[in-house]
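What follows is a set of notes on a single structure, which appears directly below.
The values are calculated or read from the model by the stated rules, or taken from the named source; none is laboratory data. The structure displayed is predicted, hence computed values, not measured ones. Counting neighbours? That spans all protein chains shown, and the Cβs are built from the backbone with ideal geometry, glycine included. Note: areas computed on protein heavy atoms with side chains; ligands, DNA, RNA excluded. Shrake-Rupley method; radii C 1.70, N 1.55, O 1.52, S 1.80 Å.
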Amino acid sequence: MKPSNMLIKNGKFFVQPDAGGRDFKVLFKNLAAAGAGRPVDENGFPKGPWTADLLAEAISLIDANRAGIELRTVQLWFQDNDKGISPENIRWLARIFGCDDPKATSAWQAELSASQRQLVAKRRERQKSLVSSASEASNLEEIAVDVGDGIVIDADDDLPDDTQPKRRFSLARTSEAIFGGGSFLDLPVSVFAGAAVLGFMSVFLGVHSITYAENNGPLKQVGFFWAPNWTLLFMV
């Protein structure tokens, strides 16, 4: 059965925009498969679907499009990816689907622009979902549950041994486990106590007074344990 003349404009197969709310990828693939904008044969049927090569050539042949279009750009429209279409290329693609009819081209330009916005919105939602999932996984890995008496159980301790991830040593986790449950003075008291112990050790071990002579010069006196003592103090 010969299609209605309503589907033919300027000798090309015309598909009417339906404002279906589809994103660009879905809309474009449907139109490319239907051969929208392709020349029709003697029976009024389109001469097959669009391919990347045929569509790139048709866009480059538009008189107003002096720069043409790269084949790679058109190939990205056919592929399953998040790549959309630029406003400039929407203009040329609308000319193709609108069969060079001003009114139809304007309608398709609005339809393609809306589909591009829909694609961008879906892409942003997908990215937010991925970021949220990654954040939740990171938080789950860091969460620890305090069960009292200084015992800390990680949130994933209920996993089987063969699936439980191995944790690396963390100075922050160790310090929190030691000093997190008591007074805020525990850490500074421990630091100064350690410094005092190192000072007394230098006296007890007899290394607080070490002398040496440099190039037969005068004797110099140093404390062996005082150096690590002050180094540790300022580092902590």
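So, M1, is that one part of a helix (DSSP H, G or I), modelled with pLDDT under 90 and open to solvent by 20 Å² or more (accessible area, probe 1.4 Å) or not?
Judged against the criteria, M1 is not a match.
Check A19 against each of (1) of a type outside the set (D, E, K, R); (2) on the phi > 0 side of the Ramachandran plot; (3) not in a loop (DSSP other than H, G, I, E, B) and name the one condition it does not meet.
Unmet for A19, out of (1) of a type outside the set (D, E, K, R); (2) on the phi > 0 side of the Ramachandran plot; (3) not in a loop (DSSP other than H, G, I, E, B): (3).
Taking S129, is it within 26 Å of D18 (Cβ to Cβ) and either in a helix (DSSP H, G or I) or of a type in the set (K, R) (or both)?
no
Considering the stretch 82-106 alone, what residues qualify as being open to solvent by 40 Å² or more (accessible area, probe 1.4 Å), of a type outside the set (G, A, S) and free of Cβ contacts under 8 Å to residues at least 24 places away in the same chain?
K83, E88, R91, P102, K103
Could you please tell me which pairs satisfy a Cβ distance under 8 Å, a separation of 6+ or placement on different chains, a first residue in the stretch 15-27 that is modelled with pLDDT under 90, and a second residue that is among the small types (G, A, S)?
Within 8 Å, the pairs are A19/A114; G21/A114.
Given the conditions (1) without any contact (Cβ under 8 Å) to a residue 24 or more places away in the chain; (2) open to solvent by less than 70 Å² (accessible area, probe 1.4 Å), which single one is not true for Q109?
Here Q109 meets the rest and fails (2).
Anything in the stretch 25-47 that is in a loop (DSSP other than H, G, I, E, B) and open to solvent by less than 30 Å² (accessible area, probe 1.4 Å)? List them, or say none.
Listed by number, the residues that qualify are G35, A36, G37, G44.
Small (G, A, S), assigned to a helix (DSSP H, G or I) and in contact with a strand residue (DSSP E or B) (Cβ under 9 Å, 6 or more places away or on another chain): is that true of A104 in this structure?
Yes: the conditions hold for A104.
Would you check which residues across the stretch 53-63 are without any contact (Cβ under 8 Å) to a residue 24 or more places away in the chain and in a helix (DSSP H, G or I) and list them?
D53, L54, A56, E57, S60
Looking at the stretch 13-24, which of the residues that are more than 8 Å from S115 (Cβ to Cβ) and of a type in the set (F, W, Y) is least open to solvent (accessible area, probe 1.4 Å)?
F14
Looking at the stretch 56-108, which of the residues that are charged (D, E, K, R) and within 28 Å of K122 (Cβ to Cβ) is farthest from the chain's Cα centre (by Cα)?
That would be R95.
Of the numbered conditions (1) within 15 Å of W108 (Cβ to Cβ); (2) over 35 Å from the mean Cα position of the chain (by Cα); (3) among the hydrophobic types (A, V, I, L, M, F, W, C), F45 fails exactly one; give the number of that condition.
Every condition holds for F45 apart from (1).
Conditions: (1) open to solvent by 20 Å² or more (accessible area, probe 1.4 Å); (2) in a loop (DSSP other than H, G, I, E, B); (3) under 21 Å from A114 (Cβ atoms). R66 meets all but one. Number of the miss?
Checking R66 against (1) open to solvent by 20 Å² or more (accessible area, probe 1.4 Å); (2) in a loop (DSSP other than H, G, I, E, B); (3) under 21 Å from A114 (Cβ atoms), the one that fails is (3).
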